[in-house]
1. Taking 0.36 nm per residue of sequence separation and subtracting the Cα-Cα distance, how much length would be gained by fully extending the chain between Cys90 and His125, in nm to one decimal?
2. With a Förster radius of 30 Å, plug the Cβ-Cβ distance of Ser143 and Ile57 into 1/(1 + (r/R0)^6) and report the FRET value to the nearest 0.05.
3. Rolling a 1.4 angstrom probe over the protein chains, ignoring ligands and nucleic acids, what is the accessible area of Thr130 in square angstrom, nearest 10?
4. Mind checking which aspartates and glutamates have their C-alpha under 15 Å from Lys179, skipping anything on the same chain fewer than 8 residues away?
5. So what does Arg122 come to for accessible area, using a 1.4 Å probe and Å² rounded to 10?
6. Along the Cα→Cβ direction, 7 angstrom out, place labels at Gln162 and Asn34. What is the inter-label distance in nm?
Amino acid sequence: MFSTGLIVVCLLQLTGRSDALIAGCNVDNTLCTNPSPPKLDIYYSGHQITCNTLLHIGDVTQAPRIEFKQGREGESYVLVFADPDAPYPCANSDGSNYLHYAAVVTQKNGELQPSQVLVRYRGPHPPRGTHRYQFYVFPWTSSQRPVLHNSDQSRGHFRLNQFKAENSLNEPVAVFQLKVPHT
């Protein structure tokens, strides 16, 4: 029975008919509803979006402007932008993400601006289903470059918890989530 179910799942994936499985997948959408930590203000193409906004692929090709009003002028942070649903929602049992952007950023005039880009911005482009894309902001006090095993060429299998542990990061001080469907 187990192997039969596995074969059905594989066939659905190969035929591109896994959307029914994706739709029935239970993903955590509480990132935007938890009152703490504070949220970010995200602007794509000059328009502010709210947490959990559904955007189209064409809306997210350029890096957004990110404001963190609770931040302090001149302070540094590590900003991570990742897709926990790659390659499709509920596919990753190992807790890995696809890394879309990582940088050390500095608060300037209320806006987070990159001072060290670790992985260049790559806009969301989900292969199937609707994916969640999550921003995390962590305080950064070191002058060293953060430990990151991913690069522009190797973005898959990013592990946020491992990244936090290797860089002695506490919980994020700000988070944000948006969603993009495959079109």
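The values are calculated or read from the model by the stated rules, or taken from the named source; none is laboratory data. Remember, predicted model here, so these are calculated numbers, not experimental data. Glycine also receives a Cβ, built like all others from the backbone with ideal geometry; neighbour counts cover every protein chain displayed. Ligands, DNA and RNA are stripped out before the accessible areas are found, and what is left, the full protein with its side chains, is counted by its heavy atoms. Shrake-Rupley method; radii C 1.70, N 1.55, O 1.52, S 1.80 Å.
1. On the way: separation 35, 0.36 × 35 = 12.60 nm, distance 1.69 nm.
The span from Cys90 to His125 would gain 10.9 nm if fully extended.
2. Working: r = 37 Å, r/R0 = 1.23.
Efficiency, rounded to the nearest 0.05: 0.20.
3. Thr130 exposes around 60 Å² with every protein chain in place.
4. Counting by Cα, and skipping residues close in sequence, Lys179 has these aspartates and glutamates nearby: Asp28, Asp59, Asp83, Asp85.
5. Accessible area of Arg122: about 110 Å².
6. In this crude spin-label approximation the distance works out to 2.2 nm.
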